[in-house]
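Chemist: The structure is given below, and queries will be raised subsequently.
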Amino acid sequence: MTMAGGSLPAMAPWMSSMPDAGELEGAAADALSRSAEALLGMQDEAGWWKGDLETNVAIEAEDLLLRAFLGILNDDVLAPTARWIRSKQCADGGWSSHYGGPSDLSLTVEAYTALRLAGDSPDAEHMRLAAEFVRDLGGPECSRVFTRLWLALFGLWSWEDLPAMPPELILLPRWVPLNIYDFGCWARQTIVPLTIVGTYRPKVDIGISLDELRTGEQPPERRRRPINTPAGLFQRFDKLLQKYHYRPLRRVRETSMKLAEQWIIRRQEADGCWGGIQPPWVYSIIALHLRGYPLSHPVLARALACFDTFEVRDGGMRWMECCQSPVWDTALAVVALGDAGMRRDDPAMVAAADWLVGEEVRVRGDWAARRPELEPGGWAFEFCNDNYPDLDDTAEVVLALGRAEASDPDRAAAAIARAVAWAQGMQSSDGGYAAFDADNVRRLCEQLPFCDFGEVIDPPSADVTAHVVEMLCWVRAHTDIAVDARCLRRAVDWLWLNQEADGSWFGRWGVNHLYGLGAVLPALRAVGVPLSDRRIRRAVRWLHATQGPDGGWGEDLRSYETDSWRGRGDPTASQTAWALLALMAADEYGEPTRRGAAWLARNCRADGTWDEPQYTGTGFQGYFYINYHLYRQVFPTMALGRYLRATAGEAPSQ
């Protein structure tokens, strides 16, 4: 919905000269005008933006399975969700974790189970193809632990054949390895409720069997590992925990269960979710229900009602967002519109700034486990997630508040000051910045038998570190807020130490080296690194070498697993924009940059949007990817705005 009063007729004085410029500049200016108008039209009346977050069908399958477990599944949810799941099946019978990707065994097992729940016959052609795919890859026996855990909830897998997750884990003090704060915030929020679920080991009969999928293979974590390896030691320790499950110290176990229950409840957000993300949310509901909470209890009633705000209904189908990103999207949209020339005091920008200021986190979250003396500040990703603000959103919001004028400037300035202090205090000991925690780097966590799905820790990354560096540089240049020079220097040193040999940087939260470069080079430009620096030039050469023949850039998700895919893939609007943002930060406006800008202008649709079915967001590399529907809009708008400012001889917007 368009903000009342928000418009772009006079937003960019330098655009008036565009008709006299070359053909490219004219096409780019036209595309920018349309894209900015389209972006402005997506703003909510309250001032925020939010694009849909599309992931894979495990989210929908597990939503149906959760409802079946709780006894609340109805046809209004089941039928349209099943249609969505069927629509995503690949030609080989399986389901993929992302657009155009290979089918995945675990996803296929979960999707197949959900469709059996929906009444699809094993003899139906699409189900026969799926079952054949599953058997060819070893059956559910070779699927991930978390997939088999879902099967165990319905008696379709033995609890005894899953790794133990004892609730006594909650008792470990923070100085003991493998305590819950050694895990990333998303992992600890999932593990704590699962320790309760794994203790009760429930079985709900849903009237189906999956015998047609089985092969008799041995699960991966049960294959014997050498005893002189961490995996081998944990494997043998798991056998002891399995025995302890049946003969626990009763008082210790019940104390652990009560503490885990209280830990979960304390972390429920105001809207009813947990962390604003699906996995801890569903497992927390199951755990509390097993602890005796009826579905009518306020904690569970809020949790279930909140799911309705995450569903998307389209064309007779229903799918679920795994998360929502209004703070991130709003900050990016404000920066993009600022790059497009919108005035700081435009009503749309003021409304966005006011909304962002109101979303500041002022309470202590789990991050305080390692930074107990640090005062709270910063922003989270979601509408409600006060327990887990993150450095990425915090940095981008501060940059956005530099582009938009809040109606209460003093309040905004105070929020920025708190954010700077919090961000500097969250620096890891090696100088880098992670998303949610400081010094969350214990790799031993990855060796646990139940940790077979993506990242379970939160080490520093180049993209987050770069965003914090860019934020601190802006604050230093435009405010009187003190910035710790040593903190900034250590962060820059971290970036240099983590540059890849080919000149790129790894992208933790976006795909992949194009995202890393799109974050790092603007940060190095902001900090004042000479653009002649050989490391900058090496990065520029990599970008030139990876540009596609049509002028665009793309990077396949396989680059997370195979180096030969770095910088290779179908061109996308967001990735092309990231490459351009990096090149322009290095003062590169030659033929590669012009061809990239031409690609964006040429592929901008009549309504000012870009088509981008590819997934360019990363949850867990190799496992879980995200299609941020707003990325295809905000980043091309930024890139075209900065390109046209530069070609018009103007300095970048601040």
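The values are calculated or read from the model by the stated rules, or taken from the named source; none is laboratory data. The structure presented is a predicted model; accordingly, all values stated were derived computationally and were not measured. Note that each Cβ is placed from the backbone with ideal geometry, even for glycine, and that neighbours are counted across all protein chains shown. The area values use the complete protein model at the heavy-atom level, side chains included, leaving out ligands, DNA and RNA. Shrake-Rupley method; radii C 1.70, N 1.55, O 1.52, S 1.80 Å.
Rundown of residues vs (1) open to solvent by less than 30 Å² (accessible area, probe 1.4 Å); (2) in a helix (DSSP H, G or I), yes/no style:
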position	(1), (2)
A27	no, yes
D30	no, yes
S33	no, yes
L39	yes, yes
D44	no, no
W49	yes, no
E62	yes, yes
L65	yes, yes
F69	yes, yes
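Chemist: Looking only at residues that are without any contact (Cβ under 8 Å) to a residue 60 or more places away in the chain and part of a helix (DSSP H, G or I) in segment 195-224, which one is most open to solvent (accessible area, probe 1.4 Å)?
Modeler: Among those residues, the one meeting the criterion is D211.
Chemist: For segment 362-392, give me the residue count where each residue is surrounded by fewer than 24 Cβ atoms within 10 Å (Cβ to Cβ), in a loop (DSSP other than H, G, I, E, B) and among the aliphatic types (A, V, I, L, M).
Modeler: Result for segment 362-392: 2.
Chemist: Are any residues in segment 73-95 more than 17 Å from F310 (Cα to Cα), open to solvent by 20 Å² or more (accessible area, probe 1.4 Å) and touching a residue at least 24 places away in the same chain (Cβ under 8 Å), and if so, which ones?
Modeler: A79, R83, R86, S87, K88, Q89, D92 - these are the residues of segment 73-95 that are more than 17 Å from F310 (Cα to Cα), open to solvent by 20 Å² or more (accessible area, probe 1.4 Å) and touching a residue at least 24 places away in the same chain (Cβ under 8 Å).
Chemist: Any idea how many residues of segment 96-122 are surrounded by 20 or more Cβ atoms within 10 Å (Cβ to Cβ), among the charged types (D, E, K, R) and over 26 Å from the mean Cα position of the chain (by Cα)?
Modeler: The qualifying residues number 1.
Chemist: Then there's this: Taking the condition open to solvent by 20 Å² or more (accessible area, probe 1.4 Å), touching a residue at least 60 places away in the same chain (Cβ under 8 Å) and under 30 Å from A648 (Cα atoms), does R403 pass?
Modeler: In short, yes.
Chemist: Residue pairs, Cβ under 7 Å, 6 or more apart or interchain, first in segment 581-599 and on the phi < 0 side of the Ramachandran plot, second among the small types (G, A, S) and assigned to a loop (DSSP other than H, G, I, E, B). List them.
Modeler: Cβ pairs passing all conditions: R595/G551; G596/G551; G596/G552; A598/G551; W599/G551; W599/G552.
Chemist: Would you point out the residue of segment 240-265, among those that are in contact (Cβ under 8 Å) with a residue 60 or more places away in the chain and hydroxyl-bearing (S, T, Y), that is farthest from Y293 (Cα to Cα)?
Modeler: This residue is Y244.
Chemist: Residues to consider are A415, A395; find the one that is within 22 Å of the chain's Cα centre (by Cα) and closer than 29 Å to R642 by Cβ. If you could, list the steps in order and put the result at the bottom.
Modeler: On the way: A415 fails: within 22 Å of the chain's Cα centre (by Cα).
Going through A415, A395 in turn, just one is within 22 Å of the chain's Cα centre (by Cα) and closer than 29 Å to R642 by Cβ: A395.
Chemist: Is it the case that segment 537-546 has a residue that's open to solvent by 30 Å² or more (accessible area, probe 1.4 Å) and within 27 Å of V420 (Cα to Cα)? Steps first, please.
Modeler: Step one: of segment 537-546, the residues open to solvent by 30 Å² or more (accessible area, probe 1.4 Å) are 537-538, 541, 544-545.
Checking which are within 27 Å of V420 (Cα to Cα) leaves us with none.
The answer is no, given that none of the residues of segment 537-546 is open to solvent by 30 Å² or more (accessible area, probe 1.4 Å) and within 27 Å of V420 (Cα to Cα).
Chemist: Name the residues in segment 169-187 that are in contact with a Phe, Trp or Tyr (Cβ under 7 Å, 6 or more places away or on another chain) and either in a helix (DSSP H, G or I) or aliphatic (A, V, I, L, M) (or both), would you?
Modeler: I170, C185
Chemist: State whether the residues of segment 561-571 include one that is part of a helix (DSSP H, G or I), of a type outside the set (V, I, T) and surrounded by 24 or more Cβ atoms within 10 Å (Cβ to Cβ).
Modeler: no
Chemist: Residue check: is G551 closer than 23 Å to L600 by Cα and crowded, with 17+ Cβ neighbours inside 10 Å?
Modeler: yes
Chemist: Additional query: With the requirement that a residue be acidic (D, E) and out of contact with any Leu (no Cβ under 9 Å at 6 or more places or on another chain), what does segment 142-168 give you?
Modeler: E160, D161, listed by residue number.
Chemist: Quick check, is G341 open to solvent by less than 50 Å² (accessible area, probe 1.4 Å) and touching a Pro at 6+ places or on another chain (Cβ under 7 Å)?
Modeler: No; evaluated as a whole, the condition is false for this residue.
Chemist: Moving on. Considering only segment 498-516, I want to know if a residue exists there that is out of contact with any Ser or Thr (no Cβ under 9 Å at 6 or more places or on another chain), of a type in the set (S, T, N, Q) and under 29 Å from R442 (Cα atoms).
Modeler: There is at least one residue in segment 498-516 that is out of contact with any Ser or Thr (no Cβ under 9 Å at 6 or more places or on another chain), of a type in the set (S, T, N, Q) and under 29 Å from R442 (Cα atoms).
Chemist: If you check every pair at least six apart or on different chains, which have Cβ atoms under 7 Å apart with a residue in segment 266-289 that is open to solvent by 10 Å² or more (accessible area, probe 1.4 Å) first and a residue that is polar (S, T, N, Q) and part of a helix (DSSP H, G or I) second?
Modeler: Filtered contacts from segment 266-289: R267/Q189; P279/T190.
Chemist: With respect to P409, is the statement that it is free of Cβ contacts under 8 Å to residues at least 12 places away in the same chain and open to solvent by 40 Å² or more (accessible area, probe 1.4 Å) true?
Modeler: Yes, satisfied.
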